[in-house]
Structure formats: C-alpha cells, structure tokens
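The structure appears below as structure tokens.
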Amino acid sequence: MDLVNHLEGRLLFAVPKKGRLLQASLNLLEGADIQFKRENRLDIALVKNLPIALVFLPAADIPTFVGEGRVDLGITGFDQVREHDAGMRELARARRMSGDGSPDPSDKAQGCETVMDLGFGACRLQVQAPAKGGYTEGKDLIGKNVGTSFVHLAHEYFARLELEKEGVTDPNADFASRKLRTKIIELSGSVEAACALGVADGIVDLVESGETMKAAGLMAIDTVVESSAILIKSKAPSNPAMVDLIAARIGGVITAQKYVLCQYNIPRTSLSDATKITPGKRAPSVTSLDEDGWVAVSAMVEKKRIAPVMDELMKIGATDILVLDIHNTRGS
C-alpha cells in the first residue's frame, strides 16, 4: 500500500518514533480513540476512524516539521521546542549578518504554538560536571569544553553567563550573536560519557532520575530548562476544526488520568463544610435524597488528594463514600 498517496485530505499528526516519549504518546492516542495500525515499522500510519495520518519522527525534528507547516500537530518535549526556537534565533541572526534582513515570503504563519502540557516525560536539561572536578556552578565552565546535543540552548546559556561575568545584565541582549569563549561540542548520543573520555569538561543534557549521570560520575550544577511532553500545533493548520477536536479528546484523557469521581451522602446541615472539602472542578453536583435532611454529592477530586479528602469527609459526617474511576471527559 502506497501510504503517501493516501495522505490527501488527512490532518498530519507527528508522534515521536522512539525514545522516552513514545509509549506514553501511544497510550494517550489510544485513550483519545485514535485507531491505527503501524505496519512493519513504517513511519506513516493511517488512522481508521478519523481523517488523520500519524507521522513517526524523531522528537527533535517535530518542532521543525510543525513550525514549517509540514504537519499540523505534534507531540514532543518542551526542551525540543526551546532548542528549535533558539536555533531559529541563530538563523535570523545569520541572515542579518549576511545583509538579508528582509522577511522571507515563505515564512508567513510559520512557527508552532503550545496547545497543552501532556503531563508525562518530565525531565530537566541540566549542566552536569564531574563530581570530583571542582565545578560547582555553570560559570565555572566558562572557557571550557562543553558537550551537548542541545547546541543552541547551550550557546545561549553560556553566552548569558559570559555577558554577566562582564557586567552585562540586559535581558534583551542578543545571546545568539555572541562569539563564545566556551567551546560547545555537538554530540548526538552517550553525552554522559564525554567527560570520562576526555572530550568535554562538562555537559548539557537531559536528566530524568539522575541515576545515569550519577553512575557516570557527574553531578548537576545548574538547570537550563524544566521540560515535559507537550502538544504543539502549526500556526496555519490544514484543518483547524480537526485540530480542536483532537486537542479536546487528548485534554479529556489527561483530565481523566488526574481525577476521580467522589460520591457521598451528607446531612444538609453539613453541606457547606462538605463542598469546601470537595469543591469539584467547577462546582459539586448536589441532589436531595428521599430521607429528609440528607443530600447526595458528586465531585471530581484529584487522585493524589483522594485519601485525605475521604478522611475529612468522614470527620464531618459523610457516609457511603464512593470513589469511581473516570475513563474520559470533555469540556474541562
């Protein structure tokens, strides 16, 4: 089957093809009832129940494809979007330096917008240095060799430090145009090994638990970006209505993952206290019971808070407290 010839009229949705974001992204698509089968590890999969095609791309490339309008939606890390944006600033600077300051007609409506945080893939882009190397903060690596796959963010980070060291604190300074004393060495993988192998004095890399860095004899001395997975969209999507539909579905899945439905009976005289404990997302639902003086209450409660909420409800006389899972939701 020639999938490329079946893309016309379909919204293109970029998904990480491998790595730490892949499985959670697939779980999210399943929860949003986006039905597809990826044949023989192909990088394109047609969705069966919606006019959508999934395009599996490296997470680092997704901001570029979305920003250029090649695909309409994408799941990637906030760190990758920041790196892409830093690269675009560098490109704009290079154009200015070459004397080409005029806007490119093809740049119209370029760029991507964040739709929502997806609540998984939390990590930090950190400056790491050998634990026994004597480096305790980022500025200690000024003038040294720094290995990273995030070359643009690393450049801006050290440019800022170098300017601050020179007494320049202007937040609007052009960090991208600065010629660095610090040498940024681009590495595509196993960045944590760079110090042990003598390639770099420090690194800038993503850290989740920190165990890998610790095993490599490294310690964090600064954080460049706090990151998690996000949903991004093109500024000029081919089908805005479908983009909104998918965003609503995904938002519903995320809300359902965070909340449970708490139901209980309470004397009407204690209702005011009860609704302070379970205010719900907007307001609790309250219905009268056949027994005089009693009401039934339903409210959404964050999963992480449900145990102490139940304890508080018991204290004020609530009975028949039930907690129900929410599989999906809309309009929240």
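So which trypsin sites (Lys or Arg not before Pro) in the range 22-91 are both in a DSSP loop and have at most 10 other Cβ atoms within 10 Å of their Cβ? Each step should come with its number before you reach the end.
Details: sites: Lys37, Arg38, Arg41, Lys48, Arg70, Arg82, Arg89; in loops: Lys37, Arg38, Lys48, Arg70.
Within the range 22-91, the qualifying trypsin sites (Lys or Arg not before Pro) (loop, at most 10 other Cβ atoms within 10 Å) are Lys37, Lys48.
When the helices in the chain are scored as -39500 (n - 2.57) per DSSP H run of 4 or longer and the sum is shared across all residues, what 222 nm value do you end up with, to the nearest 500 deg cm²/dmol? Working shown, then result.
On the way: 8 runs with 92 residues, N = 332.
Mean residue ellipticity at 222 nm (helix-derived): -8500 deg cm²/dmol.
Which percent, nearest 5, of DSSP beta bridges in the chain are antiparallel?
On the way: 45 of 60 bridges.
Here the antiparallel bridges make up roughly 75 percent for the chain.
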Out of all DSSP beta bridges with both ends in the range 123-227, state the antiparallel percent to the nearest 5. 65
Share, in percent, of DSSP beta bridges within the range 1-99 that are antiparallel, nearest 5: 35
Share of carbon and sulfur in the accessible heavy-atom surface of the range 259-325 [1.4 Å probe, %]: 50
Which percent of the accessible area of the range 17-138 is formed by carbon and sulfur heavy atoms (probe 1.4 angstrom)? 51
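Which trypsin sites (Lys or Arg not before Pro) does the range 121-225 hold that lie in a coil by DSSP with at most 13 other beta carbons within 10 Å? Spell out each step's value before the answer.
Working: sites: Arg124, Lys132, Lys139, Lys144, Arg160, Lys165, Arg178, Lys179, Arg181, Lys183, Lys214; in loops: Lys132, Lys144, Arg178, Lys179, Arg181.
Qualifying residues, ordered by number: Lys132, Lys179, Arg181.
Roughly how many Å² is the accessible area per residue of the chain, as a whole number, for a 1.4 Å probe?
On a per-residue basis, 53 Å².
So for Glu302, Glu8, Glu291, what's the accessible-area order with a 1.4 Å probe, most first? The partial results should precede the final answer.
Values: Glu302 60, Glu8 170, Glu291 115 Å².
Final ranking, largest accessible area leading: Glu8, Glu291, Glu302.
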With mean projected area of the Cα convex hull in nm² in mind, check (1) 16.7; (2) 23.9; (3) 15.7 and report the label derived from this structure. (2)
Any lysines with Cα under 28 Å of the Lys132 Cα? List them, leaving off those in the same chain fewer than 8 positions away. Lys144, Lys165, Lys183, Lys214
Work through the residues other than Glu164 whose Cβ is under 11 Å from its Cβ and net out their charges, Lys, Arg +1 and Asp, Glu -1. 0
At most 15 other Cβ atoms within 10 Å and a DSSP loop assignment: could you name the trypsin sites (Lys or Arg not before Pro) in the range 260-332 that fit? Lys281, Arg282, Arg330
At a threshold of 8 angstrom on Cα-Cα distance, excluding pairs fewer than six apart, so keeping six or more, what relative contact order does the chain reach in percent? 20
A correct Karplus calculation of ³J(HN,Hα) over the range 130-140, with 6.51 cos²θ - 1.76 cosθ + 1.60, θ = phi - 60°, whole Hz and x for Gly and Pro, returns x, 4, 10, x, x, 8, 10, 8, x, 5, 5
Most fluctuating residue of Gly77, Gly67, Gly167 in a GNM of the chain with Cα springs under 10 Å: which is it? Gly167
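The values are calculated or read from the model by the stated rules, or taken from the named source; none is laboratory data. Note that this is a predicted model, so its numbers are computed, not measured. Cβ atoms come from the backbone with ideal geometry, glycine included; neighbour counts cover every protein chain shown. Note: areas computed on protein heavy atoms with side chains; ligands, DNA, RNA excluded. Shrake-Rupley method; radii C 1.70, N 1.55, O 1.52, S 1.80 Å.
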